[in-house]
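Derivation of every value follows stated rules applied to the coordinates shown; laboratory data play no part. Bear in mind the structure is a predicted one, so any value in this text is a computation, not a measurement. In this analysis, Cβ positions are derived from the backbone assuming ideal geometry, glycine residues included, and neighbour counts consider all displayed protein chains.
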Amino acid sequence: MIVPEGLFGTTGTAYMFDRRQLIRAAMAAPLACALPARALLTEARAATPPQDEATMVRFIAGLPKAEFHVHLEGTLEAEMKFALARRNGLKLPYADVAAMKRSYIYHDLPSFLKIYYDGMQVLLTEQDFYDLAYGYLGKAASQNVLYAEMFFDPQEHLKRGVPIEAVIGGITRARGDAAKRLGIESQLILCFMRDLSAESAMEALDAALPYKDQLVGVGLDSDEKGNPPEKFAEHFAKARAAGLHVTMHCDVNQENTLDHIRTALVDLKTERIDHGGNIVQSPELVALAKSLGIAFTVCPTFSGRVMEGGQPINALRKMLDAGLKVSVNSDDPAYMGSEYITQVLIRAQKDSALTPAELVRIERNAFGTAWIPPAQRDGYLARLTAYAESWGVAA
Ligand SMILES: [Zn+2]
């Protein structure tokens, strides 16, 4: 039995609420089928690059992938919220899954975050965090994600009285089981919530540091307005001194966005920027990021559109054309039409006219900037190269 009893047992029909065909197919299949599905997708390819939409979808579905910008709490599907609420004796203010999903209406970052944080209230026990993480990793593995680095927001759980060992312990146990059973490797990034106090973030870091072997890095998320990255300079320094990597969100179209990107790069010496699309408005910052080898985790669903002169521009396309190390990620899929990485890439391919070689390049950027040992990286890159060659795609 791979999937915890009760959480996914009836979702074959529940997931029919999802709008997208491919997600529906992936979810309807038992997660136990993830590995055979992966094998099918990567075998028997004619060495001809995809020429039409249907073939492109198959190419993207089978592409070996990595994901670095996914908030675990943002993968908490409405179906699982109901299952966890039932198990924890909580009553949700919605009649059913469909009513809950209809409530997911947001127009900016603060209105999104309100829905997002409200949704976490059902996460209480170690098993809840296990189910959450295993649920995401199962979906990711079924979409040929070989490796993921996942964000989590401990402050939101600590302030509800959930102990850090339940949060990190449950996720870590799920990571181990997913690696063993599904063949997907993963690591964990602790995010500071920038709209809460610096003291609260430090308390979360101090609580988590005894478990630092289960963490690979720290990040910065939540509402950027009035919360510049330097608010957490001390936290990043402490995390780095403990051997953790450092990334941070620079959301798009924020006040002083270019100053925040500059601070993240120059003063805080971030290794990655999550989103960061506005950088294309500053050739100087683009040159700096390239010289530093900075990775950008772009999530086209939410952050792909940078506004310039009142008009949206395609940040992903411009970042790729500028030669930045861009990867494509799903962010908070449970709140974004249940579109996981394959759907996000299919949409991005259309919106940004990505060629097969560019799709391979995106995954090469991802594996190339993963926080993993060289031998693991070489293994992923070899699989990616073999896949590209099996399609006759120069990579
Ligand atoms: Zn994010």
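Distances between placed amide hydrogens fall under 5 Å for SER330 paired with HIS69, all partners being 5 or more residues away or on another chain. Note on the chain: GNM, Cα springs under 10 Å; of PRO64, PRO283, PRO228, the largest mean-square fluctuation is that of PRO283.
With viscosity 0.890 mPa s and temperature 25 °C, the Kirkwood radius over alpha carbon pairs of the range 193-241 converts through Stokes-Einstein to a diffusion coefficient of 219 µm²/s. Just to verify a number: FRET efficiency for ARG102 and ARG173, C-beta to C-beta distance, R0 = 41 Å, to 0.05? FRET efficiency, ARG102 to ARG173: 0.75.
Excluding same-chain neighbours fewer than eight residues apart, the lysines reachable from LYS159 by a Cα-Cα span under 24 Å are LYS81, LYS91, LYS114, LYS212, LYS225, LYS231, LYS238.
Residues whose amide H comes within less than 5 Å of that of HIS245, counting only those at least five positions distant or on another chain, are GLY217, VAL218 (H built at 1.01 Å from N in the peptide plane). Once the mean of 1/r is taken over each pair of separate Cα atoms and inverted, the range 117-184 shows a Kirkwood hydrodynamic radius of 12.3 Å. GNM remark for the chain: springs join alpha carbons under 10 Å apart, and the peak mean-square fluctuation among ALA179, ALA315, ALA382 falls on ALA382. Over the chain, Cα pairs under 8 Å with separation of 6+ residues give a relative contact order of 19 percent.
In terms of overall dimensions, the range 80-210 has a Cα radius of gyration and Dmax of 15.4, 41 angstrom. With R₀ set to 41 Å, the beta-carbon distance separating LYS159 from LEU258 gives a calculated FRET efficiency near 0.80. Rg and Dmax, both from the Cα atoms of the chain and both in Å, are 19.8, 57. Note on GLU255, GLU67, GLU156, GLU308: ascending count of other Cβ atoms within 10 Å places them as GLU255, GLU308, GLU156, GLU67, the fewest first. A convex hull fitted to the Cα coordinates of the range 160-309 yields 131 cubic angstrom per residue. Which FRET efficiency value, to the nearest 0.05, do you get for GLU53 and ASP213 by plugging their Cβ-Cβ distance into 1/(1 + (r/R0)^6) with R0 = 56 Å? Efficiency at R0 = 56 Å is approximately 0.80. For LYS81, LYS180, LYS65, the sequence from fewest to most other C-beta atoms within 10 Å is LYS180, LYS81, LYS65. Both radii come from the Cα set of the range 198-280: Rg as radius of gyration, Rh as Kirkwood radius; their ratio Rg/Rh reads 0.97.
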